1. Taking the Cα-to-Cβ direction at residue 406 and at residue 83 and moving 7 Å from each Cα, how far apart do the two end points lie in nm?
2. Which whole-number percent is the relative contact order of segment 4-474 (Cα, under 8 Å, 6+ apart)?
3. Could I have the simple spin-label model distance between residue 257 and residue 290, label points 7 Å from Cα toward Cβ, reported in nm to one decimal?
4. Note the full-extension length gain between residue 249 and residue 276 as 0.36 nm times their separation in residues minus their Cα-Cα distance, in nm to one decimal.
5. Could you list 308, 161, 347, 145 in order of exposure, starting from the residue whose Cβ has the fewest other Cβ atoms within 10 Å?
6. So how far apart, in nm, are the two label points at residue 185 and residue 475 if each is 7 Å from Cα heading toward Cβ?
7. How high is the FRET efficiency from residue 140 to residue 443, r the C-beta distance, R0 25 Å, rounded to 0.05?
8. Counting only C-alpha contacts under 8 Å and six or more residues apart, can you give the relative contact order of segment 213-298 as a whole percent?
């Protein structure tokens, strides 16, 4: 008879996923929630944190569990009441649709509400899914596939890396403002690698701790996900180190070109060598350290490519687009529009996202439907998977941005305290959710819980890390990704 550990491993193994269309429909509940929150936020004097949780977290939890088979109804159920409140207050409101603008100066890297919502909702979906997947209330088609196919959780890990790359580009933009042209220096290069390695050490240590704790506690593990010793924390920790190593290339060649170059290299390796056969074979699993962790080692190339793609979006997503002959205010320094930065800020955020969405959706569909490229596989993070992640995130970012264009920030503001809190403490909340997931799995048999019990456990779990995020933010403690 199989042990509970084996049963739980079997529960998340050999899955084939679901359709891309359904994944878009279910995860876009986050967009509907954001739109609905903005519709009602400016029409109610005091919006309690409870409503913030219900509209921004509970709706997403419901969409991936009890409403997973009928997400369209949930979209309407969220939007219609909020839109009705908006209409009732529309004629008396004087703030809706009025954005604050500055005629003289434009901040280079302003805080954008749609980015806060995008990153926070991505973290919310990720945190909910890592525990929900262990309950039967969570559809198996949403859980990670074994090798080929698409699922919501497969998309989640890639989106997590893309988001990190996007935010990481903030520092790149700052450096480009300070340095008008890049000049290679061995000392500077070594210093960059050293600094990136130091920054990566906490995440790498967490990866080692997770590996040790999983083995010591005999926690269930899915070996074909990353390997025997490897895990997602190790992948995250190695990203900035490789970034430092390739820093000279990334400063001389546009990141989007580097990313596409890595895509081509990835596909050539899979097509022209026996790497794919080695990864998919189970006969060599215990041969050496590399074969023990072959999925994690090889998929790192794909995740790094996603990270670089995310960085390439920063130039038009994070920045403000200067109009006329305005000067950009940045760190109390004025940078003329005609400087070397002008090429960086060549399009508005909305225009850049529209063009990117169209372009990456076309490229993804061409590659995905081609008979000469490998099918989507999160396990090896191949080009089809990478392009799926990038095209999805471009589309989602455009959706959030258009909502902000439709309902710009008003005098009272639309800021969600909960989304701000989660965004400001992304790393802390991600770590906490992983710990709570482990504690829950060791405390109860998740496979035997009814749908009602499962839902209440997941609600309690989400309230816990949401409350911690809120308290950390309230006391101005920020532990970001």
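1. 0.8 nm
2. For segment 4-474, the relative contact order is 26 percent.
3. Modelled inter-label distance: 3.1 nm.
4. 6.9 nm
5. Ranking 308, 161, 347, 145 by Cβ neighbours within 10 Å, fewest first, gives 347, 145, 161, 308.
6. Each label point lies 7 Å from its Cα, and together they span 4.1 nm.
7. 0.60
8. Relative contact order comes out at 48 percent.
Read the figures in this text as sums done on the coordinates, not as results from a lab. Being a predicted model, the structure only gives us computed values, none of them experimental. Cβ sites come from the backbone with ideal geometry, for glycine too, and all protein chains shown count toward neighbours.
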